[in-house]
1. Just to be sure, is Leu30 out of contact with any strand residue (DSSP E or B) (no Cβ under 6 Å at 6 or more places or on another chain), over 20 Å from Ile4 (Cα atoms) and hydrophobic (A, V, I, L, M, F, W, C)?
2. Tell me which residues, restricted to region 22-36, are open to solvent by less than 20 Å² (accessible area, probe 1.4 Å) and in contact (Cβ under 8 Å) with a residue 40 or more places away in the chain.
3. Taking region 33-45, which residues are assigned to a loop (DSSP other than H, G, I, E, B) and either closer than 17 Å to Ile17 by Cα or among the charged types (D, E, K, R) (or both)?
4. State which residue pairs qualify: first residue more than 25 Å from Glu101 (Cα to Cα) and inside region 1-21, second residue in a loop (DSSP other than H, G, I, E, B) and open to solvent by 70 Å² or more (accessible area, probe 1.4 Å) in any location, beta carbons under 9 Å apart, and separation of 6 or more residues or different chains.
5. Just give me the residues in region 1-32 being farther than 20 Å from Tyr52 by Cα, of a type in the set (Gly, Ala, Ser) and assigned to a strand (DSSP E or B), in sequence order.
6. For region 78-91, indicate whether the set of residues that are assigned to a strand (DSSP E or B), open to solvent by 30 Å² or more (accessible area, probe 1.4 Å) and of a type in the set (Gly, Ala, Ser) is non-empty.
7. Looking at region 46-76, which of its residues are over 16 Å from Thr29 (Cα atoms), part of a loop (DSSP other than H, G, I, E, B) and not hydrophobic (A, V, I, L, M, F, W, C)?
8. Identify all residues within region 11-21 that are at pLDDT 95 or above, open to solvent by less than 30 Å² (accessible area, probe 1.4 Å) and farther than 12 Å from Tyr56 by Cβ; write none if there are none.
Amino acid sequence: MHRIEELLSSWDKLEVIGMTADKHNSILTLCGDVKVAIEFRYDTSSFDGMTYTLAYLVAYTETGDRVSVQSYGCHDHEQIEFHKWFAKKKAEAIYADSKEERRLKEFVNTYLS
């Protein structure tokens with residue numbers, strides 16, 4: 001992948017299912033039946049000292065271990081584009097979490113009544 005547009009288009013194929021527990025920069029998705037997190041962190045280039053965004057995918061094994069799948073360093077305008085895209089996906093994830101929370105509350109309350 002050479003361009004941020006290609007990367008984000010590819011990552012759009014992942015089904016957003018919620019936020020990764022206890023992380024504000026990690027969106028949980030499904031790729032078939034495999035859970036994959038979309039995450040990012042800020043880093044500093046050892047070449048020019050500039051800050052950039054490292055966007056990456058992490059798959060989870062059945063035992064919960066993390067496996068690095070893909071990464072992409074976003075520089076300059078790419079950072080803005082990535083963070084706009086991530087904000088949209090995060091909104092989807094928060095909505096999915098709230099739906100699941102409501103479903104669980106209703107289930108437990110119905111069971112207990």
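1. The answer is no for Leu30.
2. Pass one, region 22-36, residues open to solvent by less than 20 Å² (accessible area, probe 1.4 Å): 26-27, 29, 36.
Ile27, the sole residue that qualifies.
3. Taking region 33-45 and keeping what is assigned to a loop (DSSP other than H, G, I, E, B), we get 33, 45.
Of everything in region 33-45, just one residue is assigned to a loop (DSSP other than H, G, I, E, B) and either closer than 17 Å to Ile17 by Cα or among the charged types (D, E, K, R) (or both), namely Asp33.
4. Leu7/Met1; Ser10/Met1
5. Once the filter is applied, which keeps residues that are farther than 20 Å from Tyr52 by Cα, of a type in the set (Gly, Ala, Ser) and assigned to a strand (DSSP E or B), region 1-32 yields only Gly18.
6. Initial filter on region 78-91 (assigned to a strand (DSSP E or B)): none.
Checked region 78-91: no residue is assigned to a strand (DSSP E or B), open to solvent by 30 Å² or more (accessible area, probe 1.4 Å) and of a type in the set (Gly, Ala, Ser).
7. Listed by number, the residues that qualify are Ser46, Asp48, Gly49, Thr63, His75, Asp76.
8. Answer for region 11-21, where residues must be at pLDDT 95 or above, open to solvent by less than 30 Å² (accessible area, probe 1.4 Å) and farther than 12 Å from Tyr56 by Cβ: Leu14, Val16, Gly18.
The values are calculated or read from the model by the stated rules, or taken from the named source; none is laboratory data. Fair warning: this is a prediction, and the values are worked out from it, not measured in the lab. In this analysis, Cβ positions are derived from the backbone assuming ideal geometry, glycine residues included, and neighbour counts consider all displayed protein chains. Accessible surface is based on the protein model in full, side chains and every heavy atom, while ligands, DNA and RNA are left aside. Shrake-Rupley method; radii C 1.70, N 1.55, O 1.52, S 1.80 Å.
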